[in-house]
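Working notes for the structure below.
The values are calculated or read from the model by the stated rules, or taken from the named source; none is laboratory data. Remember, it's a predicted structure, so these values are computed and weren't measured experimentally. Here the Cβ positions follow ideal geometry from the backbone for every residue, glycine too, while neighbour counts run over all protein chains shown. Calculation scope for accessible area: heavy atoms of the full protein, side chains included, ligands and nucleic acids excluded. Shrake-Rupley method; radii C 1.70, N 1.55, O 1.52, S 1.80 Å.
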Amino acid sequence: VQDLDRMVNLDSIITETLRLRTTARAVRLRHASSDCVLKLQVDGKPRTLQVKGGTRVVLCPSLIHLDEEVFENALNFQWDRFVPDENGDP
């Protein structure tokens, strides 16, 4: 296990592969913890949706993983995307 903890490049490669090619095509049900605004694309047009705290929200992680606002160059495999920097942040 200690050897695996030092294999940050391998961990990044595996995480990036799962981000792009996840086999779990599931949706997740969440409750908004506070009021927020969701940015959406509807028919190719940007829209916003006001969500009140406590509202149930359905998320699809496999779509979020391909969102350019979440991941720069989201459709490209970038093996070092999750390699921590000198501060330990990916």
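Only Cα pairs under 8 Å and 6+ residues apart enter the sum, and on that basis the relative contact order of the chain stands at 35 percent.
The ratio of the alpha-carbon radius of gyration of the chain to the globular-protein estimate 2.2 N^0.38 Å is 1.35. What net charge is computed for the residues neighbouring Phe82, neighbours being all others with C-beta under 14 Å from the C-beta of Phe82, Lys and Arg scored +1, Asp and Glu -1? Charge balance near Phe82 sits at -4. Using a Gaussian network model of the chain with C-alpha springs under 10 Å, which one of Val51, Val37, Val70 is most mobile by mean-square fluctuation? Comparing Val51, Val37, Val70 in a Gaussian network model of the chain, the most mobile one is Val37. The slack between Lys39 and Thr15, meaning 0.36 nm per residue of separation minus the straight C-alpha distance, is 6.1 nm. Of all the options Gln41, Gln78, Gln50, the one that moves most in a Gaussian network model of the chain with Cα springs shorter than 10 angstrom is Gln41.
Surface analysis of segment 7-90 yields an accessible area of 80 Å² per residue, using protein heavy atoms and a 1.4 Å probe.
Could you please state how large a percent of the accessible area of the chain is carbon and sulfur, counting protein chains only and using a 1.4 Å probe?
54
A simple charge model with +1 on the Cβ of Lys and Arg, -1 on the Cβ of Asp and Glu and nothing else charged puts the dipole of the chain at about 800 debye relative to its Cα centre. Rounded to the nearest 10 degrees, the angle from helix 8-20 to the longest Cα principal axis of the chain is 30 degrees.
Charge tally for Leu40 (other residues, Cβ to Cβ under 13 Å; Lys, Arg +1; Asp, Glu -1): 0.
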